[in-house]
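Reviewing the structure listed below.
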Amino acid sequence: MAVKNFVPNGDNTRLLRDAYGRFATGVTIVTTMTERGPIAITANSFSSLSLDPPLVLWAPDRKSRRFVHFEAAQRFAIHVLADTQREICWRIAKDGFGLSDSDFVMSDVGVPLLTDCLACFHCEQHSVFDGGDHAIVVGEVKHASFDDSRHALGFFGGQMGTFVPQS
């Protein structure tokens, strides 16, 4: 594949998206509760931000029909997916209200929590910033958990894969 050089503009957003896709990421599902029940969204725009105070960030797309729920969510959970969770990842990508009763348990503060994830961060909204066509949602981590016995679901170049650390 050849190197592609370009100046980003409204006519070549696909090229910019492809360039962004060269950065391998994990895959997350963010959950919160709405009046209609649990809602979820897949996101690879997740990052740790601060250890003290404990902060994370993620960036939902303003054009998403789910955006209004996550911009307003005072409590939410970010789940880092294991490689065995591809099915739920694609299901939630298609349907934000696609969680089945067996996919989650409710936290003590009423946030749906997925089971069998690599990591889970229970958050309270700290702040929301403008990020162009996305918002930058910063969450203060109130509780965290992780499982170091499984492999990560990864995303690179528009495709899912398994990340297996090499020793």
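Nothing in this text is a laboratory measurement; each read-out follows from the coordinates by a stated rule. Predicted model, so just to flag it, every value in this text is computed and none were measured. FYI the Cβ positions are ideal-geometry reconstructions off the backbone, even for glycines, and counts take in every protein chain you see.
Numbers at a glance
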| item | result |
| --- | --- |
| Protection-proxy order for peptides 26-38, 4-16, each taking the mean of Cβ atoms within 10 Å per residue, highest first | 26-38, 4-16 |
| Sequence ranges 110-123, 127-140, ranked by mean other-Cβ count within 10 angstrom, highest first | 110-123, 127-140 |
| Relative contact order computed over the chain (Cα-Cα under 8 Å; 6+ residues apart), in percent | 27 |
| Note, ³J(HN,Hα) from phi for the stretch 60-77, Karplus 6.51, -1.76, 1.60, rounded to Hz, x at Gly and Pro | x, 6, 4, 7, 5, 4, 8, 3, 4, 5, 7, 5, 8, 5, 7, 10, 7, 10 |
| For the stretch 1-154: rounded, prolate or oblate by the Cα gyration tensor [a/c cutoff 1.5] | prolate |
| Residues SER48, SER64, SER167 arranged by fewest to most Cβ contacts within 10 Å | SER167, SER48, SER64 |
| Formal net charge of residues neighbouring ARG75 (Cβ-Cβ distance under 15 Å; K, R +1; D, E -1) | -4 |
| Overall form of the stretch 60-101 per C-alpha gyration tensor (a/c, 1.5; a/b vs b/c) | prolate |
| Charge sum, other residues only, whose C-beta stays under 9 Å from ARG62's C-beta, Lys/Arg counted +1 and Asp/Glu -1 | -2 |
| Surrounding net charge for ALA119, when Lys and Arg each add one and Asp and Glu each subtract one, Cβ distance under 13 Å | -2 |
| Cβ-placed point charges (K, R +1; D, E -1), dipole of the chain about Cα centre in debye, nearest 20 | 580 |
